[in-house]
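In what follows, a structure is listed as structure tokens, so that the remarks can point back to it.
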Amino acid sequence: MNAVEHRANQSPALLSDRSPSRSLRILGISPGAVESLDSTTGYGSIVVALFGGLAEQHRVTLRSVRLKGVLHYLNLLRSFTLQRPAWRRYSGLNPWVFRVRSYLAHRAVEQLGDNVDLVMQWQGLNAPFVGKPLKPYTIYTDYTTKLHDAHHYPTYRNSFYRNEQEREVYYRLEGEAYRQACRIFTYNELVRRSMTKDYGVDPERVVTVGVGVCLEPIDPAVEKRYDSRQIVFIGKDSAFIRKGVPNLLAGFALVREVIPDAQLLLIGLSPDRVLNQPGVVNLGFIKDRQRLKQMLKDAALYAMTPLIDPSPGAIREAMAMKLPVVASNVDGIPEMVIDGETGYLVPPEEPKPLAEAIITLLQDENKMRSMGERGYTRVLEYFTWDRVLGKVKPHLHSMLE
């Protein structure tokens, strides 16, 4: 795998070993396909923001532990079942994949040897070592599998494991990775509590640093309009059920009974997915970030009712465009959307409360404007990468002591 290195302007030779401003050699580990700091969409944009921000001061080498070639197909073969949704889940998270990713990360650390001071891994989908850590490491993550597995819905089977034994093995591997980390950086307090309560991680090692928005916020001088009657949703087609799209469609049908000219714009779904419902427009995946930004600017509000979603980036992006948000009160969403102030929180899988919240907003432009402004202010105060990195950086040198 190719590594892309970014060096700080300062020469590390001119700085003392314990100086907070000394440039460190950081190996960044990503479970996805991102191997450069050039990606601008999806999870890649988070990797770019995190490691690109660190690269302003430190030398960062980025490696992916994504399974490719023979390893990818071997995992599919090992996970095979006739039920396609279950096959997708089993191949995504299982003890074998965890161990293989850990081996790939361990090998990357070995290859760089003395050229690495610290390993920083995004997400807890593997350990950056096999046996014992070769270097001090930290994990930055938005979720834990025990938080995920605590959800139970009759309409959505969310188990990643074939049996209880496989579940326990995965929990053990995940817990070992967390407990041996010098620091765990979390997106929110929900994950911080899970680390200490569910995995027994020393509370002193777990720090909530938040997460930034990956879309440039709207110019504060722009006068946002709220008369379009357009509701926007962003989510991947592969997460159609998990993101609560069926509930959103059912709720929107109730909205149309009261507001016949309302529109629901769906972004990120497969263009082949046919949704024969009045007022619903499937725009497919929009890669052009400027076009996406303009669509959020033109919309009146953002809505999504996921069953499970650690910390949806689309909500932060909507708030950055001064949109009020209607969303499920699950996982880390209540730490982003303040009910009654920046939007409304509703139960998942209940179309009526969702519809009532949307109707309330669409019928009151002043309320949408005030909630949108408060959400925008909240993004600037709590969800910027400068704020995240400002909390992360002071811990980096202390992990080497």
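Computed from the coordinates by the stated procedures, all read-outs in this text should not be read as laboratory data. Every value quoted in this text rests on a predicted model; they were computed, and no experiment measured them. So basically every Cβ, Gly included, is an ideal-geometry build from the backbone, and we count neighbours across all protein chains shown.
Structure above, values below:
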item: Of Leu254, Ser311, Leu296, farthest towards positive along the dipole that unit charges on Lys, Arg, Asp, Glu beta carbons give the stretch 230-381; result: Leu296
item: Within the chain: Cβ-based charge dipole about Cα centre, in debye rounded to nearest 20 (Lys, Arg +1; Asp, Glu -1); result: 1040
item: Per-pair calculated FRET efficiency, R0 = 22 Å: Glu56 and Ser398 via Cβ, rounded to 0.05; result: 0.65
item: Alpha-carbon Debye profile of the chain, log10 I(q)/I(0) at 0.07, 0.10, 0.14 Å⁻¹; result: -0.34, -0.70, -1.29
item: 0 to 90° range, to nearest 10: angle between helix 385-396 axis and the chain longest Cα axis; result: 20
item: Ranked by how many other beta carbons lie within 10 Å on average, peptides 166-178, 274-286 from highest; result: 166-178, 274-286
item: The stretch 279-401: antiparallel DSSP beta bridges as a percent of all, rounded to 5; result: 0
item: Sequence of Lys224, Lys243 once ranked by neighbouring C-beta atoms within 10 Å, starting from the fewest; result: Lys224, Lys243
item: Angle in degrees between helix 42-54 and the longest Cα principal axis of the chain, rounded to the nearest 10; result: 50
item: Viscosity 1.567 mPa s, temperature 4 °C, Stokes-Einstein D of the stretch 230-381 from Kirkwood C-alpha radius, µm²/s; result: 86
item: Integer Hz, Karplus 6.51/-1.76/1.60 couplings in order for the stretch 136-150, x for Gly and Pro; result: x, 9, 9, 10, 10, 9, 9, 6, 9, 5, 5, 5, 4, 6, 6
item: Amide proton proximity set for Gly244, modelled H, under 5 Å, gap of 5+; result: Leu307
item: Fraction of beta bridges assigned by DSSP in the chain that are antiparallel (%, nearest 5); result: 5
item: 13 Å reach of a label modelled at Arg273, 7 Å along Cα-to-Cβ, counting backbone N of the stretch 214-253; result: 233-250
item: On Cα atoms only, tilt of 95-112 relative to the major axis of the chain in degrees; result: 50
item: Förster radius 30 Å - calculated FRET efficiency between Ala239 and Lys68, Cβ distance, rounded to 0.05; result: 0.85
item: Alpha-carbon centroids, the stretch 147-183 and the stretch 39-111: separation in whole Å; result: 17
item: J(HN,Hα) series, the stretch 355-370, from Karplus relation 6.51 cos²θ - 1.76 cosθ + 1.60, nearest Hz, glycine and proline x; result: 4, 4, 5, 5, 4, 4, 6, 4, 8, 9, 5, 5, 5, 4, 5, 5
item: Chain lengthening between Arg225 and Glu110 when straightened (0.36 nm per residue, less Cα-Cα); result: 35.9 nm
